[in-house]
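J.: First the structure, which I've put down as structure tokens, then a few questions once you've had a look.
The values are calculated or read from the model by the stated rules, or taken from the named source; none is laboratory data. Predicted model, so just to flag it, every value in this text is computed and none were measured. Neighbour counts are summed over all protein chains in view; Cβ atoms, including those assigned to glycine, are modelled from backbone coordinates with ideal geometry. The protein model used for the area step is the full one, side chains on, heavy atoms only, and it has no ligands, DNA or RNA in it. Shrake-Rupley method; radii C 1.70, N 1.55, O 1.52, S 1.80 Å.
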Amino acid sequence: MELPDLGAPCSEAACRRLDFLPLKCDACERIFCADHVSYARHRCTSAYKKIFTNKCGQAGCRQREMMPVLCEQCRRNFCLKHRHPLDHDCAGAARAPVSRAG
Ligand SMILES: [Zn+2]
Ligand SMILES: [Zn+2]
Ligand SMILES: [Zn+2]
Ligand SMILES: [Zn+2]
């Protein structure tokens, strides 16, 4: 993986701030400064791709939900059908909530 050249101007036309640690939007893949990297701040046209990628973590399930559905036990994302610890390979359910180690 190649690193970008040292410093890159923010892609937001009104900003163009030269940042030594430019941030890349993971949806539209453009470079922004820290202030503009969030989807809303640069009116990201590709953010919907990310918003709709709350993919179910259960093997073999291709279901995606519009909002994240996190299992409270293992903190992974699932579809509504698999959200319950008994309905997926839950890594947290078997463990005691409080570690007794030590
Ligand atoms: Zn900026
Ligand atoms: Zn973007
Ligand atoms: Zn599922
Ligand atoms: Zn779980």
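J.: Can you pull out every residue in the stretch 29-65 that is in contact with a strand residue (DSSP E or B) (Cβ under 9 Å, 6 or more places away or on another chain) and hydrophobic (A, V, I, L, M, F, W, C)? If you could, list the steps in order and put the result at the bottom.
T.: Taking the stretch 29-65 first, the residues in contact with a strand residue (DSSP E or B) (Cβ under 9 Å, 6 or more places away or on another chain) are 30-34, 36-38, 41-42, 52-57, 61-65.
If the condition is that a residue be in contact with a strand residue (DSSP E or B) (Cβ under 9 Å, 6 or more places away or on another chain) and hydrophobic (A, V, I, L, M, F, W, C), then Ile31, Phe32, Cys33, Ala34, Val37, Phe52, Cys56, Cys61 are the ones that fit.
J.: Give me the pairs, please: first residue somewhere in the stretch 10-23 and basic (Lys, Arg), second residue anywhere and within 7 Å of ligand 1 (Cβ to nearest atom) and open to solvent by less than 70 Å² (accessible area, probe 1.4 Å), beta-carbon distance under 8 Å, and either six or more positions apart or on two chains.
T.: From the stretch 10-23, the pairs are Arg16/Cys10; Arg17/Cys10; Arg17/Cys33.
J.: In addition: Please go through the stretch 56-75 and give me each residue that is of a type in the set (A, V, I, L, M) and either in contact with a Lys or Arg (Cβ under 8 Å, 6 or more places away or on another chain) or touching a residue at least 24 places away in the same chain (Cβ under 8 Å) (or both), ordered by number.
T.: Just the residues of the stretch 56-75 that are of a type in the set (A, V, I, L, M), to begin with: 59, 66-67, 69-70.
Residues satisfying the conditions are Ala59, Val69, Leu70.
J.: I would also like to ask the following. Residues that are more than 16 Å from ligand 2 (Cβ to nearest atom) and without any contact (Cβ under 8 Å) to a residue 60 or more places away in the chain: does the stretch 33-55 have at least one?
T.: We begin by selecting, within the stretch 33-55, every residue more than 16 Å from ligand 2 (Cβ to nearest atom); these are 54-55.
Still in the list and also without any contact (Cβ under 8 Å) to a residue 60 or more places away in the chain: 54-55.
Yes, there is a match, as at least one residue in the stretch 33-55 is more than 16 Å from ligand 2 (Cβ to nearest atom) and without any contact (Cβ under 8 Å) to a residue 60 or more places away in the chain.
J.: Give the residues of the stretch 15-55 that are buried (at least 16 other Cβ atoms within 10 Å of the Cβ), at pLDDT below 90 and over 29 Å from Leu80 (Cα atoms), sorted by residue number.
T.: Residues satisfying the conditions are Asp19, Pro22.
J.: Among the residues of the stretch 47-76, write down those that are touching an Asp or Glu at 6+ places or on another chain (Cβ under 8 Å) and among the polar types (S, T, N, Q). Give the steps one after another, and end with the answer.
T.: In the first step, residues of the stretch 47-76 are kept if they are touching an Asp or Glu at 6+ places or on another chain (Cβ under 8 Å); the result is 50, 54, 56, 58-59.
Across the stretch 47-76, the qualifying residues are Asn54, Gln58.
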